[in-house]
Every structure is written in structure tokens, then in C-alpha cells.
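**Q** Below are the C-alpha cells for one structure; questions will follow.
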Amino acid sequence: MISAAVAIAFRPSLWSTAVRQMRRTSAPGWWKHRPFLPMPSGSYADFRLVTQYGDPDHAWDPDDVVKYLRWCKAWDARS
């Protein structure tokens with residue numbers, strides 16, 4: 001996830017989309033549990049990794065995260 005965050009840091013046009021998606025996918029009550037970060041629930045992250053890579057233990061590919069955020073930005077623009 002750190003490498004994905006670095007990839008997003010160099011793309012200011014995706015910052016607001018990244019924050020919006022983080023808010024949308026964060027586990028309910030994330031602030032009550034370690035690591036006290038607005039992260040998706042483990043089951044959601046596993047689902048996304050299985051549907052993307054076929055393996056829940058696969059590492060997030062920063063380029064794929066950037067592509068996903070670009071898709072989200074385009075999708076939100078259509079609304």
C-alpha cells in the first residue's frame with residue numbers, strides 16, 4: 001500500500017478521488033481499531049485482490065491502483 005500511496009502522491013489530479021474512495025471503502029468504525037487508518041475491511045480487500053489477481057495474498061500493484069482511481073474519477077464525472 002505504501003508504493004500505491006507514493007504513486008498517487010505524484011498525481012495531484014487523483015488526490016480528491018483517492019480521498020473519496022478511501023471514505024467510501026473504509027471499514028465502519030475504522031478509528032476504533034488498529035492501525036487507526038481508514039482502510040477497507042479485510043474481506044473487501046481480499047475480494048478485490050481475488051477478482052483482480054486471483055489471489056488474496058497478491059500485493060497491490062501501484063499502476064493498477066492508479067488505473068482504478070482514474071476509472072473512479074471518470075465514473076464520478078458521468079454522474
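The values are calculated or read from the model by the stated rules, or taken from the named source; none is laboratory data. Just so it is clear, the structure is predicted and the values come from calculations on it, not from any experiment. All Cβ positions, glycine included, derive from the backbone under ideal geometry; neighbour counts span all protein chains shown.
**Q** Find all pairs meeting these conditions: Cβ atoms under 8 angstrom apart; at least six residues apart or on different chains; first residue within segment 29-45 and of a type in the set (S, T, Y); second residue modelled with pLDDT of 85 or more and part of a loop (DSSP other than H, G, I, E, B).
**A** S41/A27; Y44/A27
**Q** From R20, R48, grab the single residue that is free of Cβ contacts under 8 Å to residues at least 24 places away in the same chain, at negative phi, of a type outside the set (G, A, S) and not in a loop (DSSP other than H, G, I, E, B).
**A** Just one listed residue meets the conditions, R48.
**Q** Something else now. Could you tell me which residue of segment 23-45 is surrounded by the most Cβ atoms within 10 Å (Cβ to Cβ), considering only residues that are part of a helix (DSSP H, G or I) and of a type in the set (G, A, S)?
**A** Applying the first criterion (part of a helix (DSSP H, G or I)) to segment 23-45 yields 23-25, 30-32, 42-45.
Narrowing the set further to residues that are of a type in the set (G, A, S) leaves 42-43, 45.
Working: G42: 10, S43: 10, A45: 16.
Filtering first and then ranking leaves A45.
**Q** Mind listing just one residue for me: the one in segment 39-70 that is more than 12 Å from the chain's Cα centre (by Cα) and of a type in the set (F, W, Y) and, of those, nearest to R23 (Cα to Cα)?
**A** Here the answer is F47.
**Q** So in segment 1-17, with the set limited to residues that are touching a residue at least 40 places away in the same chain (Cβ under 8 Å) and surrounded by 12 or more Cβ atoms within 10 Å (Cβ to Cβ), which one is nearest to A59 (Cα to Cα)?
**A** In this case the residue turns out to be M1.
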